[in-house]
Amino acid sequence: MKFCLPFILSAYALLQGCATNPSLNPVTAVSSGELTALQALYDVKHYQLEIEVVPEQKTIIGNVSMTALALGEITQIELDFDPRFKIAMVTVNERQADFESFNGKLLITTDVLARGSEFTTSVSYKGRPYEAENPPWDGGFVWNRTESGQHWVATAVQGRGCDLYWPCKDHISDKPERGADMLITVPNDLVAVMNGVLVSEQSIKNKTRYHWQTTNPISAYHLAINIGPFKTFELEHQSLIGTGDESPSTFPIVFYHITEDMGKIENLIKTDFLSQLDFYERTLGPYPWGNEKIGIVEIPYLGMEHQTMNGYGNKFRQDPDGFDWLMQHEFAHEWFGNLMTQEASRDFWLHEGFANYMQPIYAQDVIGDAGFWSKMWRNYNAIASCKPVIPEEDVSMDYFDSNDPYFKGSWTLHTLRWMMGEEKFWNAVRRLIYDTPDPWSLSYPITPTKRSSEDFITIASDEYGEDLRWFFDAYLFSKDIPTLEVDRSNDELRLSFRDLPNLILDIPVVLYEDGAVESGRHNVSRSTTLSIRSDGSSHAVQSSARIQIDPEVKIFREFSTAQRCQISQ
Ligand SMILES: [Zn+2]
């Protein structure tokens with residue numbers, strides 16, 4: 001609304017913008033949150049999107065079907081859908097049905113659908129979808145042009161949901177288990193690329209219809225439309241695992257690009273990306289969707305983790321740590337987000353905290369400690385700490401107004417890794433993603449997992465051999481970063497974590513003593529690993545020694561190097 005105030009400068013231009021891109025209905029503008037009673041009555045099995053995109057008019061004409069299983073007796077089906085679209089017809093099991101568009105919801109009346117039965121809804125509609133003002137953070141359609149003036153179109157709806165351009169169950173908890181078919185029609189000079197594999201390409205007068213299909217479960221926000229005069233750069237990748245009874249073969253890595261500079265493309269894909277892929281398959285396990293493809297598409301905004309069709313818009317920039325962080329981050333989501341999906345929005349850090357931690361770890365692989373710490377320290381000083389990363393109750397995605405799920409999540413994992421040790425930590429991570437510590441023994445298709453924060457705490461505790469709830473209480477269920485209090489009087493050192501009266505944080509820290517006296521020898525240096533409890537612990541040190549606590553910064557704690565809680569105020 002603020003952009004429509006008539007008295008501000010450039011009001012005319014802004015009013016024009018408001019007229020062509022009306023602001024979003026508040027219900028449409030948010031995604032997930034608590035399931036409504038009607039949403040909870042069905043489980044989506046399959047989506048079929050038939051959408052014609054008319055870039056010249058910035059409009060779409062759609063016919064979207066949803067097949068779902070009734071989990072109770074149903075007489076009304078609730079879909080989420082932006083009310084700006086004009087709906088021509090709705091059917092349930094191929095019979096025309098009454099419907100009502102109300103406050104971002106499409107309510108369809110149906111004859112009784114018995115519990116346990118499958119039903120199919122179909123919605124025909126057209127209109128001008130909401131245009132993203134700042135993608136990917138502000139979602140919607142992105143209408144752009146290439147340097148040569150051709151249309152270049154993409155969508156980004158992670159934060160706001162699939163209902164921005166097609167009728168769907170806009171909730172992270174419900175993936176269609178049988179996947180999705182996407183039939184996208186575009187003008188002849190353009191190509192439409194999407195998730196899964198290309199089934200057919202059909203010319204219809206001056207248009208072409210591309211039929212893409214994924215048989216893997218997929219989050220609705222991943223069904224992203226990418227349209228442009230794409231060319232392809234393709235490699236074959238040797239699979240680590242087989243399919244069913246068949247031994248490992250190869251699957252394609254395809255880069256759909258707008259850029260013509262083959263040097264840049266080869267450098268990004270052949271050198272940088274292949275090394276990243278090797279890192280992930282070695283560290284985590286086999287690429288999750290080897291029964292389809294690795295897809296990367298050049299898009300006119302920064303990036304998004306669309307399953308088997310990662311959106312890439314970092315313009316071939318390598319960061320100072322020797323790789324393209326954006327590519328590496330988005331690709332991490334094929335494991336953290338796509339194969340393993342958060343149960344509810346409150347578990348967002350399971351996607352972003354883990355995906356973010358993969359950049360410093362990979363930087364360590366490429367550059368060494370300097371790469372690792374340059375990323376960790378930058379992230380550390382950008383932590384807001386205004387509210388807990390994991391709220392007690394579920395929330396909608398707009399709860400997350402800082403980067404804390406990324407940076408605080410990543411730092412929490414750093415300390416957890418130190419505490420658990422390499423083997424146990426990575427086993428817990430693999431169990432979180434694949435439900436097994438040995439994913440190399442699996443075969444395609446790999447079954448996705450749905451996880452809550454509590455699931456990860458249970459898995460990590462099991463690997464560690466001790467209940468770790470206290471650890472997550474201190475770091476992710478509390479808003480503050482623990483402060484280590486150091487109180488020293490001569491030969492007694494008292495350590496405690498401040499401001500955590502109800503929490504226990506029992507973490508081993510390294511104490512480095514320099515200049516101590518031992519067996520008559522002076523200037524002895526030694527390091528000891530101590531366990532600190534939040535309510536304090538005392539340790540004997542030599543009164544002459546200079547001490548340094550946790551010199552390798554294994555413990556995520558407040559150094560007061562950054563002003564916290566400035567971002568959302
Ligand atoms: Zn991410």
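The values are calculated or read from the model by the stated rules, or taken from the named source; none is laboratory data. Since the structure is predicted, the reported quantities are computational estimates derived from the model, not experimental observations. With ideal geometry, Cβ positions are generated from the backbone for all residues, glycine too; neighbour counts draw on all protein chains shown. Note: accessible area is taken over every heavy atom of the protein model, side chains too, but ligands, DNA and RNA are not part of it. Shrake-Rupley method; radii C 1.70, N 1.55, O 1.52, S 1.80 Å.
Descriptive notes on the structure:
- Neighbourhood net charge (14 Å Cβ-Cβ; Lys/Arg +1, Asp/Glu -1) for Glu393: -4
- Relative contact order of the chain, defined on C-alpha pairs under 8 angstrom at six or more residues apart (%): 10 percent
- Residues Arg498 and Ser527, FRET efficiency given R0 of 30 Å [Cβ-Cβ distance, rounded to 0.05]: 0.80
- Percent antiparallel among DSSP beta bridges (both partners in the chain, rounded to 5): 85 percent
- For the range 532-549, 3J(HN,Hα) computed residue by residue from phi via the Karplus equation (6.51, -1.76, 1.60; θ = phi - 60°) reads 10, 9, 4, 7, x, 8, 10, 9, 7, 10, 6, 5, 8, 7, 8, 10, 9, 9 Hz, glycine and proline entered as x.
- In whole angstrom, the range 260-393 maps to an equivalent ellipsoid with semi-axes of 24, 19, 14, each derived as √(5λ) from the alpha carbon gyration tensor and ordered largest first.
- Computed over the range 430-505, the P(r) curve from all C-alpha pair distances, binned at 5 Å from the origin, holds 3, 13, 17, 14, 14, 11, 9, 7, 5, 4, 2, 1, 0 percent per bin.
- Among the trypsin sites (Lys or Arg not before Pro) in the range 234-326, those placed in a DSSP loop whose Cβ has at most 12 other Cβ atoms within 10 Å are Lys315, Arg317.
- Overall shape of the range 399-475 was characterised from the C-alpha gyration tensor. The equivalent ellipsoid obtained from it has semi-axes of 22, 17, 11 Å, in decreasing order.
- Separation in nanometres of the label points that stand 7 Å from Cα toward Cβ, at Thr283 and Gln563: 3.4 nm
- Considering all different alpha carbon pairs of the range 165-305, the Kirkwood hydrodynamic radius works out to 16.7 Å.
- Calculated [θ] (222 nm, deg cm²/dmol) that DSSP helices of n ≥ 4 give over the chain, each run adding -39,500 (n - 2.57): -6000 deg cm²/dmol
- 30 Å Cα-Cα threshold exceeded, pairs from Lys45/Lys387; Lys175/Lys408; Lys126/Lys264; Lys126/Lys205: Lys45/Lys387; Lys126/Lys264
- Helical segments meeting 24 Å axial Cα length and Kyte-Doolittle -1.0 threshold in the chain (DSSP H): 349-366
- Our summary gives the range 76-148 a relative contact order of 31 percent, counting only alpha carbon pairs under 8 angstrom and 6 or more residues apart.
- Per-residue SASA entry for Thr259, accessible area with 1.4 Å probe, Å² rounded to 10: 30 Å²
- If you take the Cα centroid of the range 435-475 and the Cα centroid of the range 211-237, the two points sit 29 Å apart.
- What separates the Cα centres of the range 52-125 and the range 514-564 is a distance of 63 Å.
- Computed across the range 256-308, the Kirkwood hydrodynamic radius from all distinct Cα-Cα pairs reaches 12.6 Å.
- Where N is the number of residues in the range 28-223, Cα Rg divided by 2.2 N^0.38 Å: 1.01
- Subtracting the Cα-Cα distance of Val54 and Asp245 from their residue separation scaled by 0.36 nm leaves 64.3 nm.
- On the beta carbon distance between Ala88 and Val486, with R0 = 51 Å, the FRET formula returns roughly 0.15.
- Between Ser519 and Ser544, the simple spin-label model (points 7 angstrom out along Cα→Cβ) gives 1.6 nm.
- In this entry, the chain is assigned a mean projected area of 30.9 nm², taken as a quarter of its C-alpha convex hull surface.
- Backbone N within the range 100-136 under 15 Å of label point (7 Å from Glu73 Cα along the Cβ vector): 110-117
- DSSP-assigned coil residues among trypsin sites (Lys or Arg not before Pro) in the range 204-253, each with at most 15 further Cβ atoms within 10 Å: Lys205
- Inter-part distance where the range 141-185 and the range 270-341 are each reduced to a Cα centre, Å: 19 Å
- Reachable lysines from Lys293, criterion Cα separation under 18 angstrom, eight or more residues apart if same chain: Lys231, Lys270
- Distance between modelled label sites at Val112 and Asn381, nm, 7 Å Cα→Cβ extension: 6.7 nm
- Per-bin percent of Cα-Cα distances, the range 483-549 [5 Å]: 4, 18, 27, 23, 14, 8, 4, 2, 1
- Relative contact order %, the range 150-211, counting alpha carbon pairs below 8 Å whose residues are six or more apart: 26 percent
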